[in-house]
């Protein structure tokens with residue numbers, strides 16, 4: 001049996017909650033709502049209501065995941081205390 005190396009997927013091991021929380025910490029709801037035109041980010045936003053919507057709406061989840069990957073590539077996400085992306 002062949003051993004597989006580490007995944008090349010930048011989302012590997014990240015939950016949707018962690019992705020949304022990191023985006024909010026890095027951009028804030030207002031900027032996030034302008035970058036990703038989804039009502040759950042603009043009308044009374046919260047992590048929990050956004051997760052509920054994103055889990056039921058594949059096209060919206062894809063937009064959020066794609067924006068997260070874009071932000072990783074452009075180094076636009078806040079870094080943790082140890083220089084690790086949160």
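Okay, here's what the table says:
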quantity: Between 0 and 90°, nearest 10: helix 58-73 axis offset from the chain longest Cα axis; calculated: 60 degrees
quantity: Folded to 0 to 90 degrees: helix 16-27 orientation relative to the chain principal axis, Cα; calculated: 70 degrees
quantity: Calculated FRET value between residue 15 and residue 63, using beta carbons and R₀ = 22 Å, to 0.05; calculated: 0.80
quantity: Estimated [θ] at 222 nm from DSSP helical runs (n ≥ 4, -39500 (n - 2.57)) normalised by residues in the chain, nearest 500; calculated: -16000 deg cm²/dmol
quantity: Likely footprinting exposure, 64, 47, fewest C-beta neighbours within 10 Å first; calculated: 47, 64
quantity: Residue 75-residue 47 FRET efficiency (beta carbon distance; Förster radius 25 Å; 0.05 resolution); calculated: 0.60
quantity: Angle in degrees between helix 47-56 and the longest Cα principal axis of the chain, rounded to the nearest 10; calculated: 70 degrees
quantity: For the chain, alpha-carbon Rg relative to the globular expectation (2.2 N^0.38 Å, N residues); calculated: 1.17
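Read the figures in this text as sums done on the coordinates, not as results from a lab. Everything numeric here is computed off the predicted structure, so don't read it as measured data. All Cβ positions, even for glycine, are placed from backbone atoms using ideal geometry, and neighbour counts span all protein chains on display.
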